[in-house]
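Reading through the structure tokens given below for one structure.
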Amino acid sequence: MCKIVSIHSYRGGTGKSNSTANIATAIARRGYRVGIVDADIQSPGIHILFGLNPEKIDRTLNDFLWGRCAIADAAYDVTSVLKEQANANSSIYLIPSSIKVNDISRILRERFNVELLLDGFQSLIKDLNLDYLFIDTHPGLNQETLISLTTSDIVLFILRPDQQDFQGTAVTVDVARKLKVTKLLLIINKVLKEYDFEDLRQQVEQTYKAPVVGILPESEDMLKLASSSIFCLKYPEHPVSQAVEKIAQKIVC
């Protein structure tokens, strides 16, 4: 059975898309078939990490939502990013959202059929024979995101050690519990090296009554890479990559 994993944050700028790309890639590298849906339709961007040229993207999640194609027809095989790190069974498929201004404006103006999107997830799982489907959600709380969370087997909430993130995450976690989210996990991102990581872990777990499955340190190397590729593939021995591997292990176990 395929696991649906939503990755969410209350605010933008938490590194949600980067984390989604790296965790999904780390799992695919282990020999799994992984799909990634850029459901952040209002501000898409995860395609950049996988080297997809916008000019060569002719079908997107938007086209599926508007009845122009099947969702599998908007899936791009990006397994090649793994190069020599791929396992024989590894596969990564990415369903990008449109970055065209008119398409984003239409989504904001008309919204879309959320039930159709959920049906699309199931079709994608079946058509591509996926082991894992990652949903890169839009930050904050809206109807589309909330419904996506309820259909997920695992929800990863990403937050930074920041008071605004702490308060916003508290609201989101409370809503997720009321929606009876199956499995709720936390990732703390962009943590300065001066922090006591174990103390931070205990504080956050006590505050939200949920397990912290990873703490990702702030990294100058990550900033320099500037989302030009998948960090854990380029720097597999880096502390950030090692933390990502531990998160991947906890998802597949």
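The values are calculated or read from the model by the stated rules, or taken from the named source; none is laboratory data. No experiment lies behind these values; they were computed from the predicted model shown. A quick note on method: Cβ atoms are made from the backbone with ideal geometry, for glycine too, and the neighbour counts reach across all protein chains shown. Heads up: the accessible areas ignore ligands, DNA and RNA and are worked out on the full protein's heavy atoms, side chains in. Shrake-Rupley method; radii C 1.70, N 1.55, O 1.52, S 1.80 Å.
Just to be sure before I move on: is residue 68 surrounded by 15 or more Cβ atoms within 10 Å (Cβ to Cβ), at pLDDT 95 or above and charged (D, E, K, R) in the structure I sent? In short, no.
Whenever a residue of region 99-113 is touching a residue at least 12 places away in the same chain (Cβ under 8 Å), its partners that are hydrophobic (A, V, I, L, M, F, W, C), lying with C-beta atoms within less than 6 angstrom and at least six residues away or across chains, give the pairs 107/41; 112/65. If the condition is being of a type in the set (D, E, K, R) and either assigned to a helix (DSSP H, G or I) or open to solvent by less than 30 Å² (accessible area, probe 1.4 Å) (or both), then region 1-59 contributes 16, 38, 40, 55, 56.
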